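Chemist: Below is the structure I would like to discuss, written out as structure tokens.
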Amino acid sequence: MELNIIYNEDCIEGMKKIPSASIDMVLTDPPYTSPTVHAFGRQKVNRLSDLAIQEFYFAEIKKEWERILKPNAPVLIFCDDIYSAVLMGLFYEWQQKNLVIWDKGRIGMGNPFRKQHELVFYANRGSIELNKTNMSHIPTVIKETITKEHHGAEKPVKLLMKLIDGLTKENATVLDCFMGSGSTAIACLETKRNYIGFELDKSYYETSQNRIYSLYGGLFSNSFSTESSIETE
Ligand SMILES: C[S@@+](CC[C@H](N)C(=O)[O-])C[C@H]1O[C@@H](n2cnc3c(N)ncnc32)[C@H](O)[C@@H]1O
């Protein structure tokens, strides 16, 4: 399977082509609530049982991650407060589980609570080996100003870079199953890591390609071949 490519396909299907024990980190940002809303046509998640679809869907993804991740590889998943509870339950048997607060630097909409944060759920089957030159410990609050230039749920490249830099070494391979506008791919290119990405939506996929093309020329866009790959099973 080619590295440094975003595949315009469903991540569960796409991951089947990734060789076992080949991924150094999952850093991903799934749609927090929309699968439930879209699946059932409801306006909001308001019953505990609604979360079952999230759990069911993520259990499928988790199975594939358990196959393709290296033994001590970290998983980082952007989530909100409710989703974090689902993830905590789902990854309960993994050795390490924790939450990092992303402080967005400004308050959002809402009444009476106006949230200034989102969460990053962390899990590891083994124990993490930090890249000590970049991160002596994992801080539980990271402040990085929100950006919304390319995607409604865009995550700041600088925040992703901090996580990638601290938790992996150069040339590591990072998987993002929900690439959106390609922020994780750009963070990988900036930190000299390889990436594999999936994005189902054609227009977001195209946004990611244009974004990468405008920053790096054709070098890492899908329409141009790359030299690196990992053996497909
Ligand atoms: C929260 S957004 C990611 C935004 C991204 N972090 C960024 O900075 O642009 C989640 C993305 O997952 C995509 N998506 C949803 N289901 C998917 C699936 N089964 N496989 C691949 N991508 C999917 C959506 O189209 C959406 O763009």
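Chemist: Is one or more of the residues making up region 124-146 within 16 Å of the ligand (Cβ to nearest atom) and free of Cβ contacts under 8 Å to residues at least 40 places away in the same chain?
Modeler: Checking region 124-146: not a single residue is within 16 Å of the ligand (Cβ to nearest atom) and free of Cβ contacts under 8 Å to residues at least 40 places away in the same chain.
Chemist: Out of everything in region 147-193 that is on the phi > 0 side of the Ramachandran plot and not charged (D, E, K, R), what residue ends up being surrounded by the most Cβ atoms within 10 Å (Cβ to Cβ)?
Modeler: Per the criteria, the residue is G182.
Chemist: Please list, ordered by first then second residue, the pairs with beta carbon atoms under 7 Å, 6 or more apart or interchain, first in region 73-87 and within 20 Å of T184 (Cα to Cα), second buried (at least 19 other Cβ atoms within 10 Å of the Cβ) and among the acidic types (D, E).
Modeler: A73/D24; F78/D29; F78/E118; D80/E118
Chemist: So, one more: Mind checking whether some residue in region 60-76 is within 17 Å of the chain's Cα centre (by Cα) and at pLDDT below 95?
Modeler: yes
Chemist: Looking only at residues that are among the acidic types (D, E) and part of a loop (DSSP other than H, G, I, E, B) in region 88-131, which one is surrounded by the most Cβ atoms within 10 Å (Cβ to Cβ)?
Modeler: Looking at residues that are among the acidic types (D, E) and part of a loop (DSSP other than H, G, I, E, B), I get E129.
Chemist: Give me the pairs: first residue in region 195-220 and farther than 11 Å from A185 by Cβ and surrounded by 13 or more Cβ atoms within 10 Å (Cβ to Cβ), second residue at pLDDT below 95 and not basic (K, R), beta-carbon distance under 6 Å, and six or more apart or on different chains, which are they?
Modeler: T207/H150; Y213/S221
Chemist: In a strand (DSSP E or B) and in contact with a His (Cβ under 9 Å, 6 or more places away or on another chain) - does that describe any residue in region 140-148?
Modeler: yes
Chemist: Is there a residue being closer than 25 Å to N194 by Cα, at pLDDT 95 or above and either within 13 Å of the ligand (Cβ to nearest atom) or crowded, with 17+ Cβ neighbours inside 10 Å (or both) anywhere in region 31-42?
Modeler: The answer is no, given that none of the residues of region 31-42 is closer than 25 Å to N194 by Cα, at pLDDT 95 or above and either within 13 Å of the ligand (Cβ to nearest atom) or crowded, with 17+ Cβ neighbours inside 10 Å (or both).
The values are calculated or read from the model by the stated rules, or taken from the named source; none is laboratory data. Model, not experiment: these values are computed from the prediction. Neighbour counts run over all protein chains shown; Cβ positions are idealised from the backbone, glycine included.
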